[in-house]
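Asker: Below is the structure I would like to discuss, written out as structure tokens.
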Amino acid sequence: MYKTTKKKIHILLHPELGETKWDKILNGFIITLIILNVIAVFLETEQPLLEHYGKFFRVFDLVSVIIFSIEYVLRLWSANHDPRYGHSFFGRLKYIFSLDAMIDLLAILPFYIHIAVGLDLRVLRLLRLLRFLRLFRLTSYMKSAKLVRDVFAKRANELKLSLVLILFLIIIASSLLYFAEHQAQPRVFSSIPASIWWAVVTVTSVGYGDMVPITILGKILSGIVSLCGLALLALPAGIITAGFLEETRKMKHNGNHVCPHCGGDLDHHEH
């Protein structure tokens with residue numbers, strides 16, 4: 001009975017593991033509550049709204065924290081149903097320091113810190129910004145988030161390589177522009193670190209115009225850097241797109257019908 005209850009709660013709190021009506025109801029409720037909390041953070045910054053509805057915001061935050069706290073405790077209690085956290089003590093300890101659990105904890109921690117320590121309002125305002133972390137908790141309730149995580153995890157090496165290439169371009173571009181423009185604009189291109197800002201906005205094609213080369217060599221280099229930046233920034237987009245296409249094909253393949261007699265792919269045989 002104890003293990004069965006734990007299993008049910010674990011599945012209920014992880015919608016990707018179950019497909020019952022209650023999974024969907026709880027999933028929708030938590031997602032709605034998270035979104036409402038983020039909206040409340042936005043609205044609280046409007047002073048007239050805070051003055052008129054301050055009590056409502058405080059009560060809503062209290063109710064939300066209670067719900068999220070209960071959910072956190074239940075997640076912690078049922079965590080060792082997952083084989084990764086199988087041990088009754090060390091498994092739960094490992095779960096506490098997992099990314100999802102840390103986000104859950106940080107989302108409710110400011111409320112308890114304020115109650116326990118009684119921080120002044122200025123510090124409290126900074127801590128309450130951690131409530132935005134509740135938005136990240138949506139990933140625990142959206143199956144599509146698993147697809148995103150899988151894509152980035154499997155394409156991590158390619159994405160790292162593209163990031164390194166972009167960093168190389170920024171460093172080389174800022175160095176070249178410094179030597180090309182320093183004598184003409186010693187205050188604007190005062191050093192290579194100062195020129196990095198120009199390289200970043202040029203590579204990303206933002207071009208704020210606060211640092212503009214005026215020499216012929218500087219303008220030629222700017223054009224080359226802009227073109228290289230466009231090419232390199234397209235790499236991560238292509239890698240991620242290819243990853244999504246691959247994962248989508250896998251999901252479709254896993255959803256194919258299997259022959260009950262030979263175990264073969266019915267969809268494949270049809271083709």
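Asker: In this structure, is Ser64 in a loop (DSSP other than H, G, I, E, B) and either surrounded by 12 or more Cβ atoms within 10 Å (Cβ to Cβ) or of a type in the set (S, T, N, Q) (or both)? Walk me through it before giving the result.
Answerer: On the way: in a loop (DSSP other than H, G, I, E, B): no; either surrounded by 12 or more Cβ atoms within 10 Å (Cβ to Cβ) or of a type in the set (S, T, N, Q) (or both): yes.
So Ser64 does not fit the description; no.
Asker: One residue is enough: does segment 198-210 have a residue meeting the conditions in a loop (DSSP other than H, G, I, E, B), over 18 Å from Ser174 (Cα atoms) and modelled with pLDDT under 90? So that I can check it myself, show each step before the final result.
Answerer: First, pick out the residues of segment 198-210 that are in a loop (DSSP other than H, G, I, E, B): 204-210.
Now restrict to residues that are over 18 Å from Ser174 (Cα atoms): none.
Taking every residue of segment 198-210 in turn, none turns out to be in a loop (DSSP other than H, G, I, E, B), over 18 Å from Ser174 (Cα atoms) and modelled with pLDDT under 90.
Asker: Can you tell me which condition Val41 does not meet? The list is (1) without any contact (Cβ under 8 Å) to a residue 60 or more places away in the chain; (2) in contact with a helix residue (DSSP H, G or I) (Cβ under 7 Å, 6 or more places away or on another chain), and all the others hold.
Answerer: (1)
Asker: Report the residue count in segment 163-211 for those that are among the small types (Gly, Ala, Ser), under 28 Å from Phe152 (Cα atoms) and exposed (fewer than 12 other Cβ atoms within 10 Å of the Cβ).
Answerer: 1
Asker: Quick check on my filter: what residues within segment 69-95 are farther than 19 Å from Tyr112 by Cβ, in contact (Cβ under 8 Å) with a residue 24 or more places away in the chain and of a type in the set (Gly, Ala, Ser)?
Answerer: Listed by number, the residues that qualify are Ser78, Ala79.
Asker: Could you list, in sequence order, all residues of segment 3-26 that are of a type in the set (Val, Ile, Thr) and either assigned to a helix (DSSP H, G or I) or at pLDDT 85 or above (or both)?
Answerer: If we filter segment 3-26 for residues that are of a type in the set (Val, Ile, Thr), which is where we start, we get 4-5, 9, 11, 20, 25.
The answer is Thr4, Thr5, Ile9, Ile11, Ile25.
Asker: For Leu235, only one of the following conditions fails: (1) surrounded by 15 or more Cβ atoms within 10 Å (Cβ to Cβ); (2) closer than 30 Å to Lys146 by Cβ; (3) free of Cβ contacts under 8 Å to residues at least 60 places away in the same chain. What is its number?
Answerer: (3)
Asker: Please count how many residues of segment 209-252 are within 29 Å of Trp197 (Cα to Cα), among the hydrophobic types (A, V, I, L, M, F, W, C) and in contact with a helix residue (DSSP H, G or I) (Cβ under 8 Å, 6 or more places away or on another chain).
Answerer: So the answer is 11.
Asker: How many of the residues making up segment 44-53 are loosely packed, with under 12 Cβ neighbours inside 10 Å and either among the β-branched types (Val, Ile, Thr) or part of a helix (DSSP H, G or I) (or both)? Don't jump to the end; show me each part of the working.
Answerer: First pass over segment 44-53, keeping only residues loosely packed, with under 12 Cβ neighbours inside 10 Å: 45-48, 51-52.
Adding the requirement that they be either among the β-branched types (Val, Ile, Thr) or part of a helix (DSSP H, G or I) (or both) leaves 45, 47-48, 51-52.
Final tally of qualifying residues: 5.
Asker: Limited to segment 199-237, what total is found for residues that are within 20 Å of Leu165 (Cβ to Cβ) and touching a Pro at 6+ places or on another chain (Cβ under 8 Å)?
Answerer: Of the residues in segment 199-237, the ones within 20 Å of Leu165 (Cβ to Cβ) are 199-206, 221-237.
Now drop any that are not touching a Pro at 6+ places or on another chain (Cβ under 8 Å), which leaves 221-222.
Within segment 199-237, residues that are within 20 Å of Leu165 (Cβ to Cβ) and touching a Pro at 6+ places or on another chain (Cβ under 8 Å) number 2.
Asker: Scan segment 27-39 and give yes if some residue there is farther than 27 Å from Pro110 by Cβ, modelled with pLDDT of 85 or more and in the same structural domain as Tyr112 (by TED's automatic domain parsing), otherwise no. Walk me through it before giving the result.
Answerer: Here is the first cut: in segment 27-39, the residues farther than 27 Å from Pro110 by Cβ are none.
Looking through segment 27-39, none of the residues is farther than 27 Å from Pro110 by Cβ, modelled with pLDDT of 85 or more and in the same structural domain as Tyr112 (by TED's automatic domain parsing).
Asker: Between Tyr112, Tyr85, Tyr72, Tyr95, which is in the same structural domain as Thr20 (by TED's automatic domain parsing), loosely packed, with under 15 Cβ neighbours inside 10 Å and at pLDDT 80 or above? Steps first, answer last, please.
Answerer: Numbers: Tyr85 fails: loosely packed, with under 15 Cβ neighbours inside 10 Å; Tyr72 fails: loosely packed, with under 15 Cβ neighbours inside 10 Å; Tyr95 fails: loosely packed, with under 15 Cβ neighbours inside 10 Å.
Answer to the selection: Tyr112.
The values are calculated or read from the model by the stated rules, or taken from the named source; none is laboratory data. From a predicted model like this one, the values you see are computed outputs, not experimental measurements. Note: ideal-geometry Cβ built from the backbone for every residue, glycine included; neighbour counts use all protein chains shown.
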